[in-house]
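The values are calculated or read from the model by the stated rules, or taken from the named source; none is laboratory data. Please read all numbers here as calculations on a predicted model, not as lab measurements. Cβ: placed from backbone, ideal geometry, glycine included. Neighbour counts: every protein chain shown.
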Amino acid sequence: MKKLLIMRHAKSSWKNSDLADHERPLKKRGKNDAKRMGKLLKSKKIIPDLIICSTALRAQETADHFVESMKYKNEVVFTDALYMAEPKDILSAITDHATDQKSVLVIGHNPGSEALLQILTGKVESLPTASIAYLTAKIDKWKDINKCEDVKLKKLWRPKDIK
């Protein structure tokens, strides 16, 4: 059994219109939401063995605040492959970086994150910024995730629903 957490980066700032999309930072709300989600998973004892994150600044900052609030000690991998990735690219990033880890958190972008969630579970769900979808898959190897017919959406946490 594997656990996959799909997180959309936290709320980013559009304040500086001269910045390239890849370089947009988080807003104050985004920083707070990323921290809140890290604390939430820690309180539920859902600690990923590996975090795979987009190289976009807003995703990196999401990971930094999430990791800090969770006191995360495991590996974080940053990859360009997750920047504006399609579901197949996200799956490739997982299989490229996850070996025998039981749980993986992917921090990426929409629409790819929502599309992956739908492909894996058959459920149409929205992933607002900083939301986390918690999935389980009855597989032994990450390379089999896209062939698995028994992927379950266990929980979906959205920052606005967390007190």
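Can you pull out the strands (runs of 3 or more DSSP E) entirely within segment 72-163 that have at least 3 residues that are farther than 22 Å from GLY30 by Cα?
Numbers: elements: 75-79, 103-108, 132-137, 151-157.
Ranges flagged: 132-137, 151-157.
Selection of first residues in segment 7-18 that are closer than 25 Å to ALA133 by Cβ and of second residues that are of a type in the set (Val, Ile, Thr) and part of a strand (DSSP E or B), restricted to Cβ pairs under 7 Å at least 6 apart or on distinct chains, gives the following pairs, ordered by first then second residue: MET7/VAL106; MET7/ILE107; MET7/ILE132; HIS9/ILE107. Within the set LYS3, LYS44, LYS35, LYS71, the sole residue that is surrounded by fewer than 14 Cβ atoms within 10 Å (Cβ to Cβ) and modelled with pLDDT of 95 or more turns out to be LYS44.
Of the residues that sit in segment 119-146 and are touching a strand residue (DSSP E or B) at 6+ places or on another chain (Cβ under 6 Å) and of a type in the set (Gly, Ala, Ser), which one is surrounded by the fewest Cβ atoms within 10 Å (Cβ to Cβ)? If we take residues in segment 119-146 being touching a strand residue (DSSP E or B) at 6+ places or on another chain (Cβ under 6 Å) and of a type in the set (Gly, Ala, Ser), then ALA137 is surrounded by the fewest Cβ atoms within 10 Å (Cβ to Cβ).
I'd like the full set of residues that are among the basic types (Lys, Arg) and either touching a Lys or Arg at 6+ places or on another chain (Cβ under 7 Å) or in a helix (DSSP H, G or I) (or both), limited to segment 14-66.
Listed by number, the residues that qualify are ARG24, LYS27, LYS28, ARG29, LYS31, LYS35, ARG36, LYS39, LYS42, ARG58.
Restricting attention to segment 125-155, report how many residues are within 22 Å of TYR83 (Cα to Cα) and not acidic (Asp, Glu). Number satisfying all stated conditions: 14. Scanning segment 89-130 for residues that are under 16 Å from GLU75 (Cβ atoms) and among the aliphatic types (A, V, I, L, M) turns up ALA93, ILE94, ALA98, VAL104, LEU105, VAL106, ILE107. For segment 97-118, a residue qualifies if it is in contact (Cβ under 8 Å) with a residue 24 or more places away in the chain, within 25 Å of HIS22 (Cβ to Cβ) and surrounded by fewer than 18 Cβ atoms within 10 Å (Cβ to Cβ), and the qualifying residues are ASN110, ALA115.
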